[in-house]
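Written out below as structure tokens is the structure these notes cover.
The values are calculated or read from the model by the stated rules, or taken from the named source; none is laboratory data. Computed from a predicted structure; not experimentally measured. Neighbour counts are summed over all protein chains in view; Cβ atoms, including those assigned to glycine, are modelled from backbone coordinates with ideal geometry. SASA here: full protein model, heavy atoms, side chains in, ligands and nucleic acids out. Shrake-Rupley method; radii C 1.70, N 1.55, O 1.52, S 1.80 Å.
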Amino acid sequence: MIDNEKVKKILYGGDYNPEQWPEEIWAEDMRLFKLAHIDVVTINVFSWAALQKDDEVYDFSKLDKIMELVQKNGLKVCLATSTAAHPAWMARKHPDILRTEHNGIRRKFGSRHNSCPNSPTYRKYSLALAEKLAQRYQDYDNIVAWHISNEYGGSCYCDNCEKAFRKWLQEKYGTIEELNRAWNMSFWGHTLYDFDDVVVPDLRSEEFEWDGVCRTNFQGISLDYNRFNSDSMLECFRLEYEAVKKYTPDIPVTTNLMGAYKVLDYQKWAKYMDFVSWDNYPAYDCFPAQAAFNHDLMRGLKQGKPFALMEQTPSVSNWHIYCKLKRPGVMRLWSYQAVAHGADTIMFFQMRRSIGACEKYHGAVIDHVGNENTRVFREITALGEELDKIGDVMLGARTKSQAAIVFDWDNWWAAEYSAGPSKLINYHQEVMQYYKTLNEQNISVDMVSVTDDLSEYKLVIAPLLYMCKDGFDEKIRSYVKQGGTFLTTYFSGYVEDHDLVVTGGYPGRLKDILGIWVEESDALPEDENNSFTYKGKTYPAGLLCDLLHLQGAEALASYEKDFYEGMPVLTMNEFGQGKSYYVAAHSNDEFYKDFLGELCKGLSIKPAASTPEGVEAAIRENENGSFLFLLNHRSGTANVIVEREGIDLISGKAYQPGDRLTLEKAGVAILHYK
């Protein structure tokens, strides 16, 4: 984790870009940071153009001044490598560094996410810069982390990538015959004779846009290219990682992730990161569980270890459709929500508002007015004072969950590349539906991968598990046999790792565990629904309705309309000492609340606390005790009845069981139980 021990508290600060300002401003920044209780800054994120003037000439003079300035003023540093945007001269002299878009057009210099990850030029110069930075600043004792590049993302389809893709495939499959098998290239006469026959899947070859969605003729090719693209950028990260570790082996290294970001397989990335950090930018109209989901997803990448909130806006994000201000108290509320779900830092983009380009109206600690007399600065300062007061008592605290939700990037890609059955198939939204239901009932959830151990959980949910990878069915089979409860949904178990259908009936490898056979699936348009009744209440069944037969399972509810009226829609199968459930269609919020609530109650999975609707509760634990976070997302005041004796770390007030704890709008309490 990021080195909080050097300040003995939750680190507080964010992205600082003094190189964009004349030096006379810097001293004022230091004064304002001290006022706001800022103790860490991320610097050098986009300075490559200033640091390297041509192939051979480097200039670190300004960065030297900045590093000396922040050290003199007692600030800790998250030092970035600046490799997220290459200099203009590099694009002019070495055009192979530029990306090629999905439509085959080679980009020119501009924007960011514009460096080809397989460009020899990019790899040569990014590696060299990272090494020079580490060598130059290795003796600074205030560096608490290395920040490699920035928000890796996007894709490239250039000749460099095509050549690298062929090599990647040869290493993975060994022979062209095995590649033809895995991709089912006998279809449409696509048999390949040599790895040189492989071309990138873009709009010039296998992919096309239909109804606003990227589709593909060969899912295996596109799926592997997603894997390859993620691996290519990961390799760039790893090269810089090794470069800085060469000189600073004890400083932890990260890069800022972006929550449920589809392009990169973060579960694979996390294996090579010393700690996870991520940037939280929820839209103005998001519901609380959306941010909580991303926090828990990031926490799950390192099996529950604390993560760093690397960026959030103090007030407004400038790239949303409506750039609505965070209302008073919301910045504080969302900051503590991150801590409640595992963050040991609270950091912002940006420290001082830029005067030009696309982020000049993005929120900042220091606004264009340039002083402390703003609402945002006052809120930042108040939160900084609270964090100083709280100190280090919560650092390293973990979350103990009895329920887990499986999230898998390969499955995400494969399910949404599928040629049918519905354009409404949305893996992320289906997972979110289950997560949101549990979160709103204050049930703690671990987001897990298919490689994680499941044995400690009472309930494991794998929504829309279209791709059941090799060995995962065995893991589920063992888990349920030994007493676990497993739940999955429609469109699950169809394919293996290469997106080849597992024959013998759906849900493939999961048939025996679930005790069912899915014969057909009816894809309903958005305005159509079937229905079913469960425990006396009627719910809609839509999006995709599986027509299934019982093969040992028990029907808990059945369809009520159309030619498949009477066929099961909700099933339970006893398997070994455990049970498995199958939800054969998408339903509404009320169903998930009722069904999952009943399931958790039966498994003795208890909420973190009993709260009014709209008040989120979460618990973290360490050697100092447990910490109950109460977060009021309601539009007004809320009251919570305290269940245990504890002290609010923020107000210092002691509470006894039965006491009423009042939370103002956007209010927060952290009850410390020893």
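Observations, loosely collected:
- Qualifying residues in segment 660-674 (those that are surrounded by 15 or more Cβ atoms within 10 Å (Cβ to Cβ) and over 21 Å from P306 (Cβ atoms)) - the one farthest from the chain's Cα centre (by Cα): L661
- Checked against (1) touching an Asp or Glu at 6+ places or on another chain (Cβ under 7 Å); (2) open to solvent by 10 Å² or more (accessible area, probe 1.4 Å); (3) aromatic (F, W, Y), Y12 passes all but condition (2).
- Checking each residue in segment 379-408 for being of a type in the set (V, I, T) and over 20 Å from the mean Cα position of the chain (by Cα) picks out I380, T381, I390, V393.
- Filtered by the rule that a residue be among the small types (G, A, S), surrounded by 24 or more Cβ atoms within 10 Å (Cβ to Cβ) and closer than 24 Å to Q441 by Cα, segment 293-314 gives a lone residue, G300.
- In segment 390-467, counting only strands (runs of 3 or more DSSP E) that sit wholly within it, the ones holding 1 or more residues that are open to solvent by 10 Å² or more (accessible area, probe 1.4 Å), under 18 Å from L297 (Cβ atoms) and touching a helix residue (DSSP H, G or I) at 6+ places or on another chain (Cβ under 8 Å) span 445-448.
- A382 being out of contact with any Cys (no Cβ under 7 Å at 6 or more places or on another chain), surrounded by 19 or more Cβ atoms within 10 Å (Cβ to Cβ) and over 15 Å from Q312 (Cα atoms): no
- Checking G493, G504 one by one, the residue that is within 19 Å of H549 (Cα to Cα), assigned to a loop (DSSP other than H, G, I, E, B) and either in contact (Cβ under 8 Å) with a residue 60 or more places away in the chain or open to solvent by less than 40 Å² (accessible area, probe 1.4 Å) (or both) is G493 and no other.
- Scan of segment 31-57 for residues that are in contact with a strand residue (DSSP E or B) (Cβ under 7 Å, 6 or more places away or on another chain), open to solvent by 50 Å² or more (accessible area, probe 1.4 Å) and under 17 Å from L133 (Cβ atoms), ordered by number: none
- Put simply, of D274, D285, D250 the only residue that is surrounded by fewer than 22 Cβ atoms within 10 Å (Cβ to Cβ) and at pLDDT below 95 is D285.
- Filter pass, D499 being under 30 Å from the mean Cα position of the chain (by Cα), among the acidic types (D, E), surrounded by 19 or more Cβ atoms within 10 Å (Cβ to Cβ) and over 17 Å from F595 (Cα atoms): yes
- Selection status of Y564, part of a helix (DSSP H, G or I) and open to solvent by less than 70 Å² (accessible area, probe 1.4 Å): no
- N632 being open to solvent by less than 30 Å² (accessible area, probe 1.4 Å), of a type in the set (S, T, N, Q) and either touching a Ser or Thr at 6+ places or on another chain (Cβ under 7 Å) or at pLDDT 95 or above (or both): yes
- Selection over segment 629-651 of residues that are in a loop (DSSP other than H, G, I, E, B) and either among the charged types (D, E, K, R) or touching a residue at least 40 places away in the same chain (Cβ under 8 Å) (or both) gives a count of 7.
- Residue match in segment 182-191 (condition: open to solvent by less than 40 Å² (accessible area, probe 1.4 Å) and part of a helix (DSSP H, G or I)): yes
- For segment 53-89, filtering for residues that are closer than 23 Å to N256 by Cα, assigned to a strand (DSSP E or B) and of a type outside the set (K, R) leaves 4.
- Every residue from segment 511-536 that is under 25 Å from E574 (Cα atoms) and touching a residue at least 60 places away in the same chain (Cβ under 8 Å): D512, I513, L514, G515, I516, V518, S521, Y534, K535
- Any chance N73 is modelled with pLDDT of 95 or more and touching a Ser or Thr at 6+ places or on another chain (Cβ under 6 Å): no
- Test: residue in segment 19-30 that is open to solvent by less than 10 Å² (accessible area, probe 1.4 Å) and in contact with a Ser or Thr (Cβ under 8 Å, 6 or more places away or on another chain): no
- Filtered residues of segment 234-249 (kept if assigned to a helix (DSSP H, G or I) and within 17 Å of L129 (Cα to Cα)): E235, C236, F237, R238, L239, E240, Y241, E242, A243, V244, K245
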